[in-house]
Amino acid sequence: MKILSKKYLVPVVASVLLAACSQSDNKASNATVTAQDLQHHNWNLVKIDGEAIQLKNKEQAPRLEIGEKMMANGNAGCNNFFGQGELEKGKFRIEKMGMTMKMCLDANMDVEQAMSQTLSDWSDITVTKQGLELKGAAHTLTFELKDWVN
């Protein structure tokens, strides 16, 4: 068996290292997201399907909080929600999600429906230092890390 000469080995090793560095992008791949990555965080929804959400006057951004033992809650645009967060094979959902039932304006209802559908169904999850992305069958939700949940 022939061993590669040094002049071939260095470019091969360098290209492998460069490829690995270029793919990291501060993201935890969806297969490696753990409960510890999610617990005790609060995220504000900033985009649905790549489009920035529009807040009027004193409206607060829809949010997702995940606390101890993956208990999830937040606001979907108009109504509050709660349930048990679950992770499985790089996917996230809120099992048996419950919600308040207030009447909502049309624009808020669109946000609410996209958020509640994506959160209650299994969605691919990606976590970065700055935020969280959930990619469901119908919508992609992009969240920005707001702060720690106490």
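The values are calculated or read from the model by the stated rules, or taken from the named source; none is laboratory data. Since the model is a prediction, treat every value here as computed from it, not as a measurement. Glycine also receives a Cβ, built like all others from the backbone with ideal geometry; neighbour counts cover every protein chain displayed.
Quick notes on this structure:
The rows are residues; the columns are (1) touching a Ser or Thr at 6+ places or on another chain (Cβ under 9 Å); (2) of a type in the set (Phe, Trp, Tyr); (3) at pLDDT below 95.
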site: Gln54; (1), (2), (3): no, no, yes
site: Cys78; (1), (2), (3): yes, no, yes
site: Leu87; (1), (2), (3): yes, no, no
site: Trp122; (1), (2), (3): no, yes, no
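- Subset of region 76-97 (residues that are of a type in the set (Lys, Arg), free of Cβ contacts under 8 Å to residues at least 60 places away in the same chain and within 17 Å of Asp124 (Cα to Cα)): Lys89, Arg93
- Any hit, region 59-77, residues being touching a helix residue (DSSP H, G or I) at 6+ places or on another chain (Cβ under 7 Å), farther than 23 Å from Gln36 by Cα and surrounded by fewer than 20 Cβ atoms within 10 Å (Cβ to Cβ): no
- Condition met for Ala138 (out of contact with any strand residue (DSSP E or B) (no Cβ under 9 Å at 6 or more places or on another chain), more than 26 Å from Asn57 (Cα to Cα) and surrounded by fewer than 16 Cβ atoms within 10 Å (Cβ to Cβ)): yes
- Residues of region 91-103 that are among the β-branched types (Val, Ile, Thr) and either part of a strand (DSSP E or B) or surrounded by 15 or more Cβ atoms within 10 Å (Cβ to Cβ) (or both): Ile94 alone.
- Of all residues in region 54-70, none that is within 12 Å of Gln84 (Cβ to Cβ) has its Cβ atom under 9 Å from the Cβ atom of a residue that is surrounded by fewer than 10 Cβ atoms within 10 Å (Cβ to Cβ) and among the aromatic types (Phe, Trp, Tyr), 6 or more apart or on another chain.
- Leu38 farther than 14 Å from Thr118 by Cα and in contact with a Phe, Trp or Tyr (Cβ under 9 Å, 6 or more places away or on another chain): yes
- Residues that are assigned to a helix (DSSP H, G or I) and either under 13 Å from Gly74 (Cβ atoms) or among the aliphatic types (A, V, I, L, M) (or both) within region 104-150 comprise Ala107, Met109, Val111, Glu112, Ala114, Met115, Ser116, Thr118, Leu119, Ser120, listed in sequence order.
- Filtered residues of region 28-52 (kept if at pLDDT below 75 and either assigned to a loop (DSSP other than H, G, I, E, B) or exposed (fewer than 15 other Cβ atoms within 10 Å of the Cβ) (or both)): Ser29, Ala31
- Of all residues in region 108-150, those that are over 19 Å from Gln54 (Cα atoms), of a type in the set (Asp, Glu) and free of Cβ contacts under 8 Å to residues at least 40 places away in the same chain total 1.
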